[in-house]
1. When the Karplus curve 6.51 cos²θ - 1.76 cosθ + 1.60 is applied with θ = phi - 60°, which whole-Hz ³J(HN,Hα) does each residue of segment 252-258 get, with x for Gly and Pro?
2. Write down the percent of antiparallel bridges among all DSSP beta bridges whose residues are both part of the chain, to the nearest 5.
3. Once R0 is set to 25 Å, what does the formula 1/(1 + (r/R0)^6) return for the Cβ-Cβ distance between Ala191 and Arg218, expressed as a FRET efficiency to the nearest 0.05?
4. Please report, as a whole percent, how much of the solvent-accessible surface of the chain comes from carbon and sulfur atoms (probe radius 1.4 Å).
5. On the Cα set of segment 1-137, report Rg and Dmax in Å, please.
6. Just report the Cα centroid separation between segment 104-160 and segment 1-79, whole Å.
7. Per 5 Å bin, what is the whole-percent P(r) computed from every C-alpha pair distance within segment 86-211?
8. Enumerate by residue number the trypsin sites (Lys or Arg not before Pro) in segment 85-121 meeting two conditions: DSSP loop (anything except H, G, I, E, B), and at most 12 other Cβ atoms within 10 Å of the site's Cβ.
Amino acid sequence: MARVFSGIQPTGEMHLGNYLGAVRHWVAEQDEHDAIYCVVDLHAITLPYEPSTFADRTWRTAALLLAAGLDPARCTLFVQSHVPAHTELTWILNCVATFGEVGRMTQFKEKGRGRDSVSVGLFDYPVLMAADILAYDTERVPVGDDQRQHLELARDIAQRFNHRFGDTFVVPQAAIPPVGARIMDLQNPTAKMSKSTDSPQGTIALLDDPSTIAKRIRSAVTDSGTEVRYDPATRPGVSNLLEILAATTSRPIPELEAEFAAGGYGVLKAAVADAVVEFLRPLQTRYADLEADPGHVTAQLALGAEKAEAMAGKVIERVRRATGLLPRG
C-alpha cells in the first residue's frame, strides 16, 4: 500500500464541492492506501484570520471529515499544529530551498496581489507544505493543477537534500486524483465553488439546512432558453446543476438530460434541491452526533497526532543525523 498524504485548511465552511471533488474520494481510498489526512491549520494562519473562532473552526473541519466517513481505524487523521515535526522540518528545509524558487510560486503572487504587505508565512507556505509531505515518507500526493507547482518544489527540495546530505527523504510522486464532480459556484457557474465568503449565495455548505439548500439552488444562475442540455462551455449554469444531480444520485448525465429535457429549469432545480438534501442528510446526522460528544472528536484527533508523531519522528531523526545536529543527551 502506497503512503498518501492530503490536507485541508480550516478556512471557510466545507461545502458540497469539497465533499464531491475530494473528501468522498479520501473516504473511498482509506482501504486502498496507507492514508494520512491532515487539517492544515498552520497554513490557514498565513492570511488574516479571526483567532477567537479559529480553534472551533479547526475542530468543525475535523468533525466534518469524520462525519463524511473518514475512520481513524483505517487512516491517520490529525491537526497539523499538534505535530511539532512539521515546523521543525520546515526550518531545516528553509535552509535547503532557495529564495528564488519560492518567490516564483504562482499562488503566493496571486494571494499577495493587491495587499499592502504579506506575511513571511505566506511566502514560506510552500516549504511548510513540503515539510508536511516529506515528514511521512509520503510516496503519492493527490494534487490538482493549483498545487502541482508546490509538489514540484517539494520534490526539488527532497532531491537537493538527498544529494547534499545523503539519501534521507522519499521523493514523492504526483498522483492524479480520481475524477470527481467539478462543482461550480451557483451564482457564477464558470468558477469553482469556493470556501471564500465572496459568494455565499453560490455555495452549499455541508451543514446548510434543507430550506437554505433549496433557496440557493432555486436562485442558481442558468442560461438563456429552457433547454436542459449538458454543455459546460456554452451552458455552464444548467451543466453545473446536471453535474450536481449526477454526483448526488449516481446517475449518468445523459440519462438525466433525457429525463428533464421537456421539464425546464424549474423542474430540474427542484430535483437537484431534493437530491442534495437527501445526499447530505446522513453526513449531517453523523455530525450532529459528534457535536453532541465533542470529546470523542478531540480524543480521535489526539490518537491521530500520536500516530503521526511516531511516523514523523523517524524521519526527523534521520534528518537530524544527516544534517549533523548534535543529539540531545
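The values are calculated or read from the model by the stated rules, or taken from the named source; none is laboratory data. None of the values given here were measured: they were computed from a predicted structure. Heads up, the Cβs are rebuilt from the backbone with ideal geometry, glycines too, and the neighbour counts pull from every protein chain shown. To get the accessible areas, we keep the full protein, side chains included, count just its heavy atoms, and leave off ligands, DNA and RNA. Shrake-Rupley method; radii C 1.70, N 1.55, O 1.52, S 1.80 Å.
1. Each residue of segment 252-258 in turn: x, 4, x, 5, 5, 4, 5 Hz.
2. Close to 20 percent.
3. My answer for the efficiency is 0.80.
4. Working: 8400 of 15550 Å².
Within the chain, the accessible surface is 54 percent carbon and sulfur.
5. 15.6, 46
6. Computed from Cα coordinates, the inter-centre distance equals 18 Å.
7. Bins of 5 Å from zero give 2, 9, 16, 17, 16, 14, 12, 8, 4, 2, 1, 0 percent of pairs.
8. Numbers: sites: Arg104, Lys109, Lys111, Arg113, Arg115; in loops: Arg104, Arg113, Arg115.
Those that pass, being in a loop and sparsely packed, are Arg113, Arg115.
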